[in-house]
Every structure is written in structure tokens, then in C-alpha cells.
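What follows is a set of notes on a single structure, which appears directly below.
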Amino acid sequence: MRKVLNIIIILLSIIGIMGAGSLVIEEIQTGNGCPKLWIIPFCLIILICFVVPLFVHVLKKWNVLYFLFTGLAGIIALIASIMQFIGTGECPKTNSGIPMCYFSLLLFASLIISKAYLLRKNISNRSY
């Protein structure tokens, strides 16, 4: 089960990196890839919040950083999703028209839950 969770975390991170990375590339090329916080594109923040936890997970160290970055991005994705849903904000959309902030929220929630479950399993296996 631990091996499966490790693979799931890595795959979800790679999917997120690819999605956020494509938005960062579009932002660099057009200047219109994603919303900005002052001059910093949110997609760049989200990309960093996928990359750092992936490295932390692979290194099997600094779990606090994993949860700090995934938690921050999860909160950003939650706020963006709510704003998109109620019509006060606009998230970049996929080719099929689905707001990407919904996918980000799902990915970060899955990463947080998977890592927490994995760590809980590791702790419970050590106590026996």
C-alpha cells in the first residue's frame, strides 16, 4: 500500500507540474496565462507548490515543507474555485472549458490526504 501511495503522490505531482507549467509558459509568452498577485503570476506560485512537495516527498525529508506548500496552494485553489463558482473571479480553463482551479483543488487535496495517510501508516507500522 505504501508503494502505491508513493507512486500516486509522484504521479499527481507530475500532472500538476505539467498543468501549471503549461500556464507558466503561456504567461511568459503572452503575459496573459493566469491571474497575478501584484506582478507574480499565480500559476508560478502553484508550479512551485507542486515542485517543492515532489522533491520533499522523493527525498523523504522535511514533511513540514510538503504540507506547507500543498496547504498554501490548496487554500489558493479553494479561494480561486469559490471565486470562479460565484462569478467574482476567473480561472484559466482547459480546452474543454473546465476551470483549472477546480483541478488544482482536487490535486492538492489528494496530495495532502495521500501523504497524511502514508505518514500515518508509517507511524502505525513502527509502533508494532
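The values are calculated or read from the model by the stated rules, or taken from the named source; none is laboratory data. Since the structure is predicted, the reported quantities are computational estimates derived from the model, not experimental observations. Cβ sites come from the backbone with ideal geometry, for glycine too, and all protein chains shown count toward neighbours. These area figures cover heavy atoms from the full protein model, side chains too; ligands, DNA and RNA do not enter into them. Shrake-Rupley method; radii C 1.70, N 1.55, O 1.52, S 1.80 Å.
Comparing Ser13, Ser110, Ser96 in a Gaussian network model of the chain where C-alpha atoms under 10 Å apart are linked, the largest mean-square fluctuation is found at Ser96. A Förster radius of 25 Å combined with the Cβ-Cβ distance from Asn6 to Leu72 puts the calculated FRET efficiency at roughly 0.65. Pairs of lysines in the chain whose Cα atoms sit within less than 20 Å of one another amount to 9, provided the residues are eight or more positions apart or on different chains. Of the chymotrypsin sites (Phe, Trp or Tyr not before Pro) found in segment 1-95, the ones in coil according to DSSP and having at most 15 other Cβ atoms within 10 Å of their Cβ are Trp38, Trp62.
Placing unit charges on each Cβ (+1 for Lys and Arg, -1 for Asp and Glu) gives the chain a dipole about its Cα centre, and among Ser22, Asn63, Pro35 the Cα reaching farthest toward its positive end belongs to Asn63. The label-point distance for Ile86 and Trp38, in a model that sets each label 7 Å from Cα toward Cβ, rounds to 2.6 nm. Taking the Cα centre of the chain as reference, the dipole from Cβ charges on Lys and Arg (+1) and Asp and Glu (-1) amounts to some 820 debye. Summed over the residues of the chain and divided among them, the accessible surface reaches 64 Å² per residue at a probe radius of 1.4 Å. Accessible surface of the chain, 1.4 Å probe: 73 percent of it comes from carbon and sulfur atoms. Taking each residue as 0.36 nm, the span from Leu65 to Asn122 lengthens on full extension beyond its C-alpha to C-alpha distance by 18.7 nm.
In plain terms, if you count all Cα to Cα distances in the chain and split them into 5 Å steps from zero, the share in each step is 2, 11, 20, 23, 17, 12, 8, 4, 2, 1, 0, 0 percent. In the chain, the sites counted are trypsin sites (Lys or Arg not before Pro) in DSSP loop states with at most 13 other Cβ atoms within 10 Å, and the longest stretch holding none of them, exclusive of the sites, is 62-128.
Our helix-only sum for the chain, with -39,500 (n - 2.57) per DSSP H run of n ≥ 4 divided by its residues, gives a mean residue ellipticity at 222 nm of -27000 deg cm²/dmol.
Rounded to the nearest 10 square angstrom, Leu54 shows an accessible area of 30 square angstrom against a 1.4 Å probe.
Computed from Cα atoms, the angle from the helix 63-86 axis to the main principal axis of the chain rounds to 40 degrees.
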